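The values are calculated or read from the model by the stated rules, or taken from the named source; none is laboratory data. What you see is a predicted model; the values in this text were computed from it and never measured. Heads up, the Cβs are rebuilt from the backbone with ideal geometry, glycines too, and the neighbour counts pull from every protein chain shown.
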Amino acid sequence: MKIIVTGGAGFIGSHVVDRLIEENHEVVVLDNLSSGNEKFMAPHLDKDNFRFHKVDLLHDDITGFFEDV
């Protein structure tokens, strides 16, 4: 299943991402890194089922990320 996690670079979001990756889901993280940290995503950056996009949900067009979700 393809799942979008907003705030996936934050403390709580990154743990959600960890679990979803363990369960072999395709995970797309949308985060502006205002309070998140890229180090939380580091273990997944080389995985085929993980994508990270630095976007601001308030100011960026995010509609394209919801295809096939």
Report summary line: Residues of the range 31-59 being of a type in the set (Lys, Arg) and either surrounded by 11 or more Cβ atoms within 10 Å (Cβ to Cβ) or within 19 Å of Val69 (Cα to Cα) (or both), in sequence order, are Lys47, Arg51, Lys54
Report summary line: Of the candidates Asp48, Asp60, the one satisfying the condition of being over 11 Å from the mean Cα position of the chain (by Cα) and at pLDDT below 95 is Asp60
Query raised in the report: What are the residue pairs meeting all of these: first residue in the range 25-36, first residue among the acidic types (Asp, Glu), second residue in a strand (DSSP E or B), Cβ atoms under 6 Å, and 6 or more apart or on different chains?
Result: Glu26/Lys2
**Report entry** Condition met for Arg19 (at pLDDT 95 or above, of a type in the set (Lys, Arg) and touching a strand residue (DSSP E or B) at 6+ places or on another chain (Cβ under 8 Å))
**Finding:** no
Requested in this report: Return a yes/no flag: does the range 20-30 have any residue that is of a type in the set (Asp, Glu), crowded, with 17+ Cβ neighbours inside 10 Å and outside any helix (DSSP H, G or I).
Outcome: yes
**Report entry** Unique residue being touching a strand residue (DSSP E or B) at 6+ places or on another chain (Cβ under 7 Å), part of a loop (DSSP other than H, G, I, E, B) and not hydrophobic (A, V, I, L, M, F, W, C) when the list is Asp68, Asp56, Asp60, Asp48
**Finding:** Asp68
